[in-house]
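Worksheet for the structure shown next.
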Amino acid sequence: MRQDLVLLSMFAGLAVVVLPVVFVFFLALGPAGWLFTGVSIVVVGVVVAAKADDDADETPAKTNCPECGSRVQVNAPTCDYCGHAFDGPAPDDTPDPSAP
Ligand SMILES: [Zn+2]
């Protein structure tokens, strides 16, 4: 209980000190500052999205087995699940309506 009060008063003191500083800071920024802040947020978002796309590309490409519909490696010669042999190049990643 005492610790809760100490923590609460610390947060209250922090808010009393920090909030006016943040408020004045954003007031002092002006239109150029707002533009810079907005552009920065957009740039960070684009970079994060691009990194997420890169991570997705690193996962090995998979396709649906035409025989059993299991997810198998694109360059696998046979299906790991039913043993279906892919003739020639593995089939492209065709959309499977039964897949979730
Ligand atoms: Zn199969």
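The values are calculated or read from the model by the stated rules, or taken from the named source; none is laboratory data. Since the model is a prediction, treat every value here as computed from it, not as a measurement. Because the Cβ atoms are built from the backbone with ideal geometry, glycine has one as well, and the counts that use them run over all protein chains shown. Only protein heavy atoms, including side chains, enter the accessible area calculation; ligands, DNA and RNA are left aside. Shrake-Rupley method; radii C 1.70, N 1.55, O 1.52, S 1.80 Å.
A few comments on the model shown:
- Total charge dipole magnitude, the range 2-59, about the Cα centre, Cβ charges on Lys, Arg, Asp, Glu only, Debye to nearest 20: 560 debye
- The figure for VAL48 is an accessible area of roughly 90 square angstrom, using a 1.4 Å probe on the protein chains alone.
- Principal axis extents of the Cα atoms in the range 2-59, from largest to smallest and rounded to whole angstrom, are 52, 36, 6.
- Available extension along the chain between THR78 and TRP34 is 10.1 nm, counting 0.36 nm per residue and deducting the alpha carbon span.
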